[in-house]
Amino acid sequence: MPDLEISYVDDLPCHRCAATLVCAMRVPHSFVRADGFEVRGVRTVGLCPMCDNENPAVRAIFEHIARHGEPDRAAMLELAALVGEAAMRGLPEALDEELLRAAAAEFVRTTP
Ligand SMILES: [Zn+2]
């Protein structure tokens, strides 16, 4: 699994719906061009409580954030595992929207 850089954010707008993002990940990615040169880059992936709530793996991330607030190292490692799982999960499944909204609201409420 590539290294992920995860930051909690509370002031970035979602580019899809303009809601406030809960969490942003900087995800390294690379591909090999036809001439064999490897192109490396980093893209930023925002987790939006409105747009990403269909993905249960992403919802698990929101719930984790809501539970831990400001993370210590152990919480960050657990979060990273959840993010890795989210990145590898397939299609979105049914969601519990109430739970997500509660988790996101709790996160906002408990974040200074
Ligand atoms: Zn959004």
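The values are calculated or read from the model by the stated rules, or taken from the named source; none is laboratory data. Owing to the predicted nature of the structure, the values given are computational and were not obtained by experimental measurement. Every residue, glycine among them, receives a Cβ derived from its backbone with ideal geometry; neighbour counts consider all protein chains shown.
Would you confirm whether or not the stretch 43-56 contains a residue that is closer than 22 Å to R109 by Cα, within 12 Å of the ligand (Cβ to nearest atom) and loosely packed, with under 12 Cβ neighbours inside 10 Å?
Checking the stretch 43-56: not a single residue is closer than 22 Å to R109 by Cα, within 12 Å of the ligand (Cβ to nearest atom) and loosely packed, with under 12 Cβ neighbours inside 10 Å.
Between residues in the stretch 30-52 that are over 16 Å from V83 (Cβ atoms) and residues that are within 16 Å of the ligand (Cβ to nearest atom) and not in a loop (DSSP other than H, G, I, E, B), which pairs lie under 6 Å by C-beta distance while being six or more apart or on different chains?
Hits for this filter: zero, empty list.
Hey, does the stretch 99-111 have a residue that's at pLDDT below 80, assigned to a helix (DSSP H, G or I), of a type in the set (F, W, Y) and within 16 Å of the ligand (Cβ to nearest atom)?
Within the stretch 99-111, one or more residues are at pLDDT below 80, assigned to a helix (DSSP H, G or I), of a type in the set (F, W, Y) and within 16 Å of the ligand (Cβ to nearest atom).
Restricting to the stretch 9-25, and then to whatever is touching a strand residue (DSSP E or B) at 6+ places or on another chain (Cβ under 8 Å), part of a loop (DSSP other than H, G, I, E, B) and in contact (Cβ under 8 Å) with a residue 12 or more places away in the chain, can you tell me which residue is surrounded by the fewest Cβ atoms within 10 Å (Cβ to Cβ)?
Only one residue fits best here, namely H15.
Of all residues in the stretch 53-85, which are touching an Asp or Glu at 6+ places or on another chain (Cβ under 7 Å) and in a helix (DSSP H, G or I)?
P56, A57, V58, H64, A66
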